[in-house]
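Everything below concerns the one structure shown next.
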């Protein structure tokens with residue numbers, strides 16, 4: 001199966017694996033254990049990666065269509081699965097919970113707690129594509145204005161349907177990733193630069209200068225500093241991973257495990273209902289949906305369950321994400 005995978009960067013997929021593990025850990029363990037060191041970067045890194053992997057020049061309608069397939073189908077499928085389990089496990093007041101899940105964003109509670117990420121990524125990517133023809137300085141002006149609005153009115157923006165207001169926070173991270181893409185070839189010592197970036201980001205968190213983020217709840221941390229810290233950590237992870245992961249079986253294994261990560265993000269909340277010890281929740285929250293996703297990759301249901309094109313034949317084509 002490793003020889004049938006899409007042509008993707010194993011280094012970037014390793015970063016994705018680390019970030020999803022951090023997301024699951026953030027839900028499996030109490031916030032006093034995970035908030036400072038995981039919430040500071042584990043969601044922001046995906047928006048930065050989206051900007052880093054950006055393909056300029058795509059038509060807006062094509063962007064909407066591709067994102068609807070790669071993000072929208074798994075969103076709908078996961079909502080159906082989560083709702084079915086909710087009605088079986090916790091039928092009392094289920095309709096109220098389902099209504100919150102339909103509204104999305106901050107209103108979505110267990111087991112819909114991760115759906116906001118998918119809708120936020122969809123809307124932010126579409127807006128970023130719409131901005132693409134603007135002068136580069138204007139793009140950054142819009143991104144900074146959005147971030148300022150998010151820091152000033154985080155509560156109201158986080159209470160918008162489907163979390164569309166999260167664009168104000170997340171657009172800046174796409175711009176950061178896009179900026180890294182533009183200068184990546186000019187970074188002479190990526191490993192050293194990555195370690196320095198990681199050190200700066202971690203130091204800002206360690207000394208308390210950068211408060212952790214909780215984008216879903218409208219908490220964008222310390223104005224400017226938290227965005228700087230999360231960006232530095234994400235950039236550091238990318239540069240270090242690209243410096244140490246070489247083409248080969250490990251790289252392809254990272255890609256194989258990363259292909260169904262959207263399944264892990266969307267379905268791991270179900271494991272939290274088991275009431276197992278935190279470490280067991282963490283392990284099961286990754287392994288169970290990951291196994292489901294790996295099996296689904298070989299089936300026609302893969303686009304709905306994983307967001308990826310079915311893996312088969314000598315070559316496979318990856319998703320738009």
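Since every read-out is calculated from the coordinates, none of them should be taken as a lab result. Please read all numbers here as calculations on a predicted model, not as lab measurements. Note that we place each Cβ from the backbone using ideal geometry, even for glycine, and neighbour counts take in every protein chain shown.
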- Note on the structure: Note to self, the chain gives a 222 nm [θ] from helices alone (DSSP H runs n ≥ 4, -39500 (n - 2.57) apiece, / all residues, nearest 500) of -20000 deg cm²/dmol
- Task: Report the relative contact order of region 214-321, percent, no decimals, based on alpha-carbon pairs under 8 angstrom and at least 6 residues apart.
- Result: 18 percent
- Query: For region 2-305, max minus min Cα coordinate along each principal axis, in Å, sorted largest first?
  - Reply: 55, 48, 44
- Task: Report, in whole Å, the centroid distance computed from the Cα atoms of region 59-106 and region 167-226.
- Result: 29 Å
- Could you work out the relative contact order of the chain, using alpha carbon pairs under 8 angstrom and six or more residues apart, expressed as a whole percent? 31 percent
- Item | Relative packing of 57-64, 248-255, 35-42, which averages over residues the other C-beta atoms within 10 Å, highest first | 35-42, 248-255, 57-64
